[in-house]
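Taking it in order: structure first as structure tokens, then the write-up.
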Amino acid sequence: MALVERPPRTATAAPAWTPSVNPAFALVAIILVFLPAVASDFVLVQIFAWSYMLGIIALSLMFLAGYGGMVSLAQITLAGLAGYLMAILGVNGQPGGLGWPWGIATLVAILVTMVFGAIVGALAVRTEGIYMIMITLAIAAAFFYFTNENYAIFNGHTGINAIPTPHVFGVDWHAPVPFYFLTLVIAGLCWAAVSYISRTPFGLALQGLRDNPRRMAALGFNVNAHRIAAYVFAAFLAALGGVLLVWSYGEIAPGTISVSAAIDILVIAVVGGLGNPIGPFIGALIYALLKTFALDFLVAVGLDGNRYRLLIGLGFLVIVFWSPDGVIGLWERWRRRGETSQRRQGGGGHG
Amino acid sequence: MTKFIERNPLWALILLVALAFALWLVFASWPQGFEDVFGKKKLFLNAVLNGITLGGLYFLVASGFTLIFGLMRNVNLAHGSIYLLGGYFGYLTSDATGSWLLAFVVAFIVAAALGVVLQVVVFRRMEGQDLRQTLVTIGISIVLADLMLWWFGGNSYQIQTPAWLRGPIELPLVTAVRSSGEVVYLTYPIVRLVIFLASVVIAFLMWLALNRTRIGMIVRAGVDDREMLAAMGVPIQLVFVVVFAFGAGLAGMAGVVGGTFQSLSPGEDTRFLLASLIVVIVGGMGSITGAALGAVIIGLAEQIGLAYFPTYAIVLTFLIMVLVLALRPQGLLAAR
């Protein structure tokens, strides 16, 4: 079942890629660490911190889709569940808040989200490919409508607001620069974790399951257990992203987890590229830039500024039509084109 | 039928008792104690009728979706956008000409034309590539949603019900017996009943066309093995285009129906895409009868949930989906 159409070489691309671009990687890391020295608070929070948070959630989708061959549209739902749980268990502006300390509330929120991720996974792995997309989409929609209509727990359409960002070590983590570093560090850790897991026996087994589940089953691997475990790990990533989102906005409402938000996460992951854990962050940065500046850009060229979704949709279509493995794919193909033309001159070339 | 009873006597008995109980709920006048626990009978009857008629609308949308999937394995996530586009064009037509029936014709033609374009430009180029089709159609639905928001704005429109369908009708269903011995019958909007009957007729015609005509035979053969069908000289690409156009046209007509007894506004496209997804997941992908069964189940679940536990209604729909997935992942009446 070829869910993610791609040349088989990408199975080994991720391990080979990371060490090979060390100079570029180090350069990017240095730029990101010293960015607060030059960039304004608006750029730091509205573009970079936001794209780290979206990137973490999209990374959880990339992990499932890229390594596991399972496209889940419920990742924003898991993020939203973690956010809602943290808001309900912790301190918030509604009379019903339980007021637990933030650490315990966050921990419980993440753990419960992982359990829910296991349930979603257990449902989703009963099917494959396109059915899985539909089922996870249906789960995402059901949870959205549930939070939108339920006032007893989720406070309906308004959602829950006035959720404080914790002060730890005397630092106000809601202030732009600390929050930027908080998201940067967590995003970096998530990226490192996914890169690492893709090379562990578990990650390799997952990629084997993506390419040929029957052979892996014959080799004695428990197909469903691996897939559900992948869902649980992805739920952990999504929950981290969701907690950060709530700290950033100070509120959570059904709009954050709507169907179009679920699709946006898919767009981010696909545009960035499903073949490499850095892809979702690139996709998220493009998305954040588009969403922030599309209005100015459209007005500047004389069009209606409200048409930014049209721009996003068209951009997405172009990427999907011409480069199924996203911006990363474009870049890698461009690099490889240089290589193959050199090899052809030397008499090589493999068609 | 008899085979089923012979093979599963216990299930047959349970189903029979459930059916009898359902009939009793609908036709008998409820005893006082029963009404105290479960509320007025009128509430129940209205919920059931609303659910069944909503199921008719869901069937119109989902049958096109499942037909397209069953034959071509095309996953068209722009199906909801086609529904909404059909509805908007139907609204424009009925607003300009005042003719409700003409709205159906225009909506069908517009939606079918869009379906032809989708099949020729998108799906033919990426046959068998599930994920790319899904992604491309998601992209198309984002673009279409924004274009429709641009042209029609964020207001909600309602298509005018024609004069001969306006008003309520009295049904021979008892809601209550007054203390004076006078019997109260249920009144219900006639337009919803007519639309439901129309969708039953369409379902029957589809069944007839699929099972009794040459084109239907070709389509069924295509569902089973399209390579072999192509090898026998059937112009399979043409069949694909026709089926896609028909499926999309059905969704467009459903848009007019939805615009008449609900309303048309941005966001309805996703709602109906999701409704058809859940309907075909429950009923079984690629099966028309499955779509009909799934549509009625989901419509009933939604409306009964809405009547008895409003804020948890969606959970009921979701639970049904989960239950079906857990017990029969391929759907209740899957084609294979």
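Just so you know, all these numbers are worked out from the coordinates, no wet-lab data involved. What you see is a predicted model, and the numbers here were worked out from it, not measured in a lab. Cβ coordinates were reconstructed from backbone atoms using ideal geometry, including for glycine residues, and neighbour counts include every protein chain displayed.
Can you find, among A:219, A:73, A:159, the residue sitting farthest towards the positive end of the charge dipole of the range A:11-265, where Lys and Arg contribute +1 and Asp and Glu -1 at Cβ? Comparing the listed Cα positions along the dipole, A:219 ranks first.
With r defined as the distance between the Cβ atoms of residue B:14 and residue B:197 and R0 fixed at 41 Å, what FRET efficiency is calculated, to the nearest 0.05? Show your work: numbers first, answer last.
Working: r = 30 Å, r/R0 = 0.74.
The computed FRET efficiency comes out at 0.85.
Counting every other Cβ atom within 10 Å of each residue's Cβ, B:94, A:198, A:40 order from fewest to most as A:40, A:198, B:94. With N the number of residues in the range A:180-294, Rg(Cα) / (2.2 N^0.38 Å) evaluates to 1.23. Note on B:79, A:226: ascending count of other Cβ atoms within 10 Å places them as A:226, B:79, the fewest first. Binning the alpha carbon pair distances of the range B:116-159 at 10 angstrom intervals from zero yields the distribution 25, 39, 24, 13, expressed in whole percent. When the Debye formula is applied to the Cα atoms of the protein assembly as shown, each taken as the same point scatterer, what base-10 log of I(q)/I(0) results at q = 0.06, 0.08, 0.09, 0.11 Å⁻¹? One equal scatterer on each Cα of the protein assembly as shown leads to -0.38, -0.67, -0.85, -1.23. Overall size of the range B:237-312 from C-alpha positions, given as principal axis extents largest first: 48, 28, 17 Å. For the range B:39-327, the Cβ-based charge dipole about the Cα centre amounts to some 380 debye (Lys, Arg positive; Asp, Glu negative; other atoms uncharged).
Given R0 = 25 Å, the distance between the Cβ atoms of residue B:263 and residue B:117 translates into a calculated FRET efficiency of 0.40.
Using Cα-Cα distances under 8 Å and only pairs 6 or more residues apart, what relative contact order does chain B have, in percent?
32
Note on chain A: dipole from Cβ charges, positive end direction compared against A:106, A:258, A:284; the farthest Cα belongs to A:284.
Amide H contacts for residue B:173 (H built 1.01 Å from N in the peptide plane; partners 5 or more residues away or on another chain; cut-off under 5 Å): B:186.
Compared with the dominant Cα axis of chain B, that is its longest principal axis, helix B:313-327 is turned about 60°.
Rounded to the nearest 20, the size of the Cβ-charge dipole of the range A:170-326 about its Cα centre is 600 debye, with Lys and Arg at +1 and Asp and Glu at -1.
Computed over the alpha carbons of the range B:184-322, Rg followed by Dmax gives 17.9, 63 Å. Dimensions of chain A from C-alpha coordinates, computed as largest minus smallest value along each principal axis and given longest first, are 74, 53, 43 Å. Going toward the positive end of the dipole of the range B:224-320, with +1 on Lys and Arg Cβ and -1 on Asp and Glu Cβ, which of B:280, B:303, B:232 do you reach last? Highest projection toward the positive end goes to B:303.
Roughly how many debye, to the nearest 20, is the charge dipole of chain A about its Cα centre, given +1 on each Lys and Arg Cβ, -1 on each Asp and Glu Cβ, and no other charges? Display every interim value, and only then the final one.
Numbers: 17 positive and 13 negative charges, 259 e Å.
Result for chain A is approximately 1240 debye, rounded to the nearest 20.
The distance between label points at residue B:190 and residue B:101 comes to 1.6 nm (points 7 Å beyond Cα on the Cα→Cβ vector). Gyration tensor over the Cα atoms of the range B:8-166: the corresponding equivalent ellipsoid has semi-axes (square roots of 5 times the eigenvalues, largest first) of 39, 25, 14 Å. In this structure, residue A:119 and residue A:185 have a Cβ-Cβ separation that, at R0 = 22 Å, corresponds to a calculated FRET efficiency of about 0.15. In the protein assembly as shown, the DSSP-assigned H stretches of four residues or longer account for a calculated mean residue ellipticity at 222 nm of -23500 deg cm²/dmol, using -39500 (n - 2.57) per stretch and the full residue count as denominator.
For chain B, the longest principal axis of the Cα atoms and the long axis of helix B:79-97 meet at an angle of about 80 degrees. Please report the base-10 log of the normalised intensity I(q)/I(0) for chain B, using a Debye sum with one equal scatterer per alpha carbon and no solvent, at each q in 0.10, 0.15, 0.16 (1/Å). Per q value, in the given order, log10 I(q)/I(0) is -0.65, -1.32, -1.44. Residues of the range B:281-307 falling in the label zone of residue B:171, defined by backbone nitrogen less than 14 Å from a point 7 Å along Cα to beta-carbon, are B:300, B:303-304.
Computed from Cα atoms, the angle from the helix A:176-197 axis to the main principal axis of chain A rounds to 40 degrees.
Spin-label model, residue B:158/residue B:127: points 7 Å from Cα along the beta carbon direction are separated by 4.7 nm. In chain B the longest region clear of GluC sites (Glu not before Pro) that are loop-assigned by DSSP and have at most 16 other C-beta atoms within 10 Å covers B:183-336.
Globularity index of the range B:43-93 is 1.44 (Cα radius of gyration / 2.2 N^0.38 Å, N = number of residues). Each of B:126, A:62, A:53, B:217 was scored by other Cβ atoms within 10 Å of its Cβ. Listed from fewest to most, they are B:217, B:126, A:53, A:62.
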